[in-house]
1. If R₀ is 30 angstrom, what is the calculated FRET efficiency for the pair Lys50 and Lys211, using the beta carbon separation as r and rounding to 0.05?
2. By the gyration tensor of its Cα atoms, with a ≥ b ≥ c the square roots of the eigenvalues, what is the shape of the chain: rounded for a/c under 1.5, prolate for a/b over b/c, or oblate?
3. Under 8 Å for C-alpha pairs, at least 6 residues apart: give me the relative contact order for the chain, rounded to a whole percent.
4. Largest first, what is the accessible-area ranking of Cys95, Cys179 with a 1.4 Å probe?
5. Count the DSSP beta bridges whose two residues both fall in the chain, then state the antiparallel fraction as a percent rounded to the nearest 5.
6. What do you reckon, how do His371, His151, His121 stack up by accessible area (1.4 Å probe), largest on top?
7. For the stretch 183-367, give the share of DSSP beta bridges that are antiparallel, in percent and rounded to the nearest 5; count only bridges with both residues there.
8. Measuring from label point to label point, each 7 Å out along Cα→Cβ, what is the Leu78 to Leu250 span in nm?
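The values are calculated or read from the model by the stated rules, or taken from the named source; none is laboratory data. Everything quoted here is computed from the prediction, not taken from an experiment. Reconstructed Cβ throughout: ideal geometry from the backbone, glycine too, with neighbour counts over all protein chains shown. Quick note on the areas: whole protein, heavy atoms, side chains included, nothing else; ligands and nucleic acids left out. Shrake-Rupley method; radii C 1.70, N 1.55, O 1.52, S 1.80 Å.
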Amino acid sequence: MNKIKKINQIDLRGKRVLIRVDFNVPINGNEISSDFRLKASMKTIKYCIKEKSKIIIMSHLGRPKSNESNLSLHPIYLYLKKYFDKNNVIFSKDCISKKSINISKNLNPTEIHLLENLRFHSGELNNSETFAFKLSQHAEIYINDAFGTSHRSHASNSSILNFFKKKCFGFLMDKEFNCLTNLKLNKKFGIILGGAKVSTKLGMINHFIDKADSIFIGGGMSFTFLKSMNKKIGNSLFEKKMLGIAKDTLEKSISSKTKIFLPEDFVCSKEISSSSNIEEKSINDFAQDDIGLDIGSKTIDLFLNEIKSLEKIIWNGPMGFFEIDLYKNGTAKLAEFISNLSSNNKLTSIIGGGDTVSAIIELGLSNNFTHISTGGGASLKLLSGEKLELVQSWGNND
Ligand code: AMP
C-alpha cells in the first residue's frame, strides 16, 4: 500500500489519464436511482480537469452476459453531460474499438471520454492481458479510483497494471483505505452487524473479537446465533452450517473484552409481505410459524443505550428486511440515532455494505456519517484484516 502512488505525486498536466471508477449504480430504465457512487469519484475527475488532463473514464455496470442494452453506461454519459460542461463529454459504444482509442488520442485538455461497460467483453472478468493491453492504449497514465471492485482481480484493475509505468490511486481509494484501515482502536468502539448471512461477516467478527468493546448482531443473521443457543426461532432464516461456528464465537466472546449483544425481541409476521400482520415478540415467545423480520423495540433501546457510550462505530448490514416498510424501523432508528451523534461530533461512524448504504441514502441521512464506503465486499474484506486483491496485484507489479 505504501508503494502505491497518490494522485498528487504524479504529473498529470496535459496528459491522457485513464481512470477506472466504480460507476456500478442502480439504473431504472434511463434513470439513475442513486448517484452516490458517481459523486464519490468526482473529486478525482475534477482534479484531473484542474490539471488540464485529457480524461478517459471506464467502469463496469452490473453483470451482463454480453452486450445487454439495459446495462449500457449511456445514462451515466447523460449524467456526466449535466454535471460537467455538456460539450466536453464524449461517449464510446465500445471500450476497446479502434474508433474509441482514436477519440482518446485526439482528446483536448479537460475533455472527458466515457467508455462503454467493460463487462461487455469477457476479457474484463477473465483478467485478460490482451483486453487490458487494448484498454491501456487509451492513455499514458492509469488511475484507480474503483474501491468497489478492489477485492477482485479483473483486467481493468489487475492485468492493466503491466502496461503503465505511471499509475496511482485516486482520492476516493485513498479515503477508503484511510478510513477502513487506520482504525484507532484505543477509542471505545463497537461493530454493528446485520443482514442475512453470518458467513460473509464472520471474518469481521473474528477480527474484532477482543479488539472491539461491543459487537451488536441484528438482522436475519442473529437467528443463527440465537438458534445455536437453543432458542426457538420459528420459521426465521438461519444458516445451518454456521450453527457450530456461531456457538464457538459466542463462547469465545465470554473470555474476551468484547461483549456480544443479540436481539431480545423481534417484529414478527407469518409471511414476508407488505400486507402482513406484524407483532412484536420476545425471542422466548416465538411460535413455530413466526418469522422474525426486524429487531423489536426492547432491542432497539438496548442497542442505542450501549452505542451512546461509544466513540466509534462500524456498521455493516441492515437490522431487518428493510426493503419492506413494515420491517425497516430497527434500521431506521439506528441510522437516525448514529447520524445524530455523528453530526454532533460525538461519534465517528463508518458505514459499509451495499444494503446499509442504500437504507441510509433512502432515509436522506447520507451526509451525517463520518464515512460511507462505496464498496460492500471490499470494505468487509478490509475490515476483516485481509489484504485486497488489488493491493496484491499492485505489489506484484511494482
Ligand atoms: P447480507 O447480504 O447478508 O448483508 O443480507 C442483506 C439482506 O438481508 C437484505 O436484503 C435484508 O432484507 C435481509 N434481511 C435482514 N434481516 C432479515 C431477516 N430478519 N429475515 C430475512 N432477511 C433479512
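1. That pair, Lys50 with Lys211, gives E of 0.15.
2. On the way: a/c = 2.17, a/b = 1.89, b/c = 1.15.
Prolate shape, in that a/c is at least 1.5 and a/b is the bigger ratio.
3. Taking the mean separation of contacting Cα pairs over the length of the chain, I get 15 percent.
4. The residues order as Cys179, Cys95, largest area first.
5. Within the chain, antiparallel bridges account for around 20 percent of the total.
6. The residues order as His121, His151, His371, largest area first.
7. Here the share of antiparallel DSSP bridges comes out near 30 percent.
8. Spacing of the two 7 Å Cα→Cβ label points: 5.2 nm.
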